Amino acid sequence: MMKILINSLGCPKNLVDSEIIAKSLSDGGYNFTDNIENADAVVINTCSFIEPAVKEAIDVILDAARYKEKGSLKKIIVTGCLVERYKEQILDSIPEVDLCVGIDGYNDITSILKKTEKSVICGPKTDVSFMNKSRILSDNTASAYIKISEGCNNKCTYCTIPSIRGKFRSRTIDDIYQEVENLCVSNGIKEITLVAQDTTAYGIDIYGKPSLVNLLAKLETIKSLEWIRLLYCYPELISDELIEIMKNSTKILHYIDMPLQHSSDKVLKLMGRKGTYKEYTDLINKLRSKIPDIVIRTTFIVGFPQETEEDFENLCLFIKENRFDRAGFFEYSREPDTPAYKLKGQISKQVKAQRREVAENLQNSILLNKNDDRIGREYSIIIQGISEDGLFYVGRSYAEAYEIDPLIYISSKEPLNVKDIVNAVIVAKDDDSLFAEVVV
């Protein structure tokens, strides 16, 4: 049977799709390899929401094309966002590609791979059934992403996701519960991270109102599940009920990722965002008042059209005042077919890069100061593996998201296993790395 290499690019949501594709192909009798030189076919699950992601996807496809030219690789299958965005253009531009499969093709991926003619398979992007299929997890750790919905109904002027992934559509609470319970029992999963394009909008399409709190309450009842983490929470839908269940739960981690994107009221309005400087500040203060040890992660876009020096200084002041625990920064990417593409006052690449560097340096200084405050504190840490040099175990506390935030380096007098949860004290730091010792 054909050997397949699956190359998953982009976000955690894409990784879940790749894991579903892997299970479908495995059930169909296909084998897998991690080495493209041994592969008969490669499935490249792509991201394309901004220009750098498109470039990365094309580079990976072209690299696979070189192996096909040598004769070792027989088939190239491109899936994911690049297909939804460019469809037939991929086959026209890169003739080595055999199949392009959009998200509506994932249910039939095994039969699609048997096609001998070049094809593009896309659909109306209204289905969620593929998300309920079993997965082969990509890592043997205690953590897994759980994708609770697909698509997006927000109208951010810079974003291509609604056109690429379709309208917002949720899985049912029962389907999500069944998946999580199965993963806990069959794979020893102890931590789940809920992901969606807009996690806080979960359920609004099928239950008539945002229902993340109801979902969390149900997931809390799974006995072997210990940690529940939230990513991609839109600030305007972080309700008092959500804050309360996070505050009172023994399983929902005091960690929240909410993409704010900017602080200037003018820029936020141009972005199509619904918040303001004051509303965001009030929300952050409420979160920290109700949950004093909460870790807040966010993302910002710098260099958006018409962002003046005053607007950027407003953003830097906002960062200084609110001292985020984690923050990522992106230079605005001008994407065709988005409203922001046509805006006047586009910012030069040089200015965007300079502003990102300033913001990153500011946030890094905040992170280092916060790391100083963590020395001497005791945390429950989930063991993820061993460091590359073999000197430490590596793991994460509630303050570090799986695959996103820096790992903690842990020493222990007794042997530890992947998936163990141990108590450890932070004893030192090196730049943004923390070191901990297991409490005996």
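Quick note: the coordinates plus some simple rules give every number you see, no bench work behind them. On a predicted model such as this, the values are computed, not experimentally measured, just so you know. A quick note on method: Cβ atoms are made from the backbone with ideal geometry, for glycine too, and the neighbour counts reach across all protein chains shown.
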Cα centroid separation - the range 119-186 against the range 387-440, whole Å:
30
How about Lys413: which lysines have a C-alpha closer than 18 Å to its C-alpha, ignoring those fewer than 8 places off in the same chain?
none
Determine the sum of side-chain charges near Ala428: Lys and Arg each +1, Asp and Glu each -1, restricted to other residues whose C-beta is under 13 angstrom from that of Ala428.
-2
What aspartates and glutamates sit close enough to Lys223 to cross-link, taking a C-alpha to C-alpha distance under 13 Å and skipping anything fewer than 8 places away on the same chain?
Glu181, Glu191
Please compare each pair in Lys75/Lys155; Lys147/Lys209; Lys155/Lys251; Lys13/Lys342; Lys209/Lys290; Lys23/Lys147 to a cut-off of 26 Å on the Cα-Cα distance and tell me which ones are over it.
Lys75/Lys155; Lys155/Lys251; Lys13/Lys342
What order do you get for Asp293, Asp175, Asp389 when you list them from fewest to most C-beta neighbours inside 10 Å?
Asp389, Asp293, Asp175
Within the range 1-33, whose backbone N sits under 19 Å from a point 7 Å along Cα→Cβ of Asn182?
13-30
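Roughly speaking, what is the stretch gain from Lys413 to Ser239, that is 0.36 nm per residue apart minus the C-alpha to C-alpha distance, in nm to one decimal?
Roughly 58.2 nm would be gained on extension.
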How much length, in nm to one decimal, is gained on full extension between Asn107 and Asp92, taken as 0.36 nm per residue of separation minus their Cα-Cα distance?
2.9 nm
Lone Cys, the chain, Cβ cut-off 4.7 Å -> Cys11, Cys47, Cys81, Cys100, Cys122, Cys152, Cys184, Cys233, Cys316
Determine the dipole magnitude for the range 3-121: charges of +1 sit on the beta-carbon of Lys and Arg, -1 on that of Asp and Glu, nothing else is charged, the reference point is the Cα centre, and the result goes in debye to the nearest 20.
200
Over all directions, average the projected area of the Cα convex hull of the chain and note it in nm².
21.6
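Evaluate the charge dipole of the chain about its Cα centre and quote only its size in Debye, nearest 20, assuming +1 on the Cβ of each Lys and Arg and -1 on the Cβ of each Asp and Glu.
Values: 56 positive and 66 negative charges, 180 e Å.
The calculation lands at about 860 debye.
Taking the Cα centre of the range 233-310 as origin and charging only Cβ (+1 Lys, Arg; -1 Asp, Glu), how large is the dipole, in debye to the nearest 20?
For this selection, approximately 180 debye.
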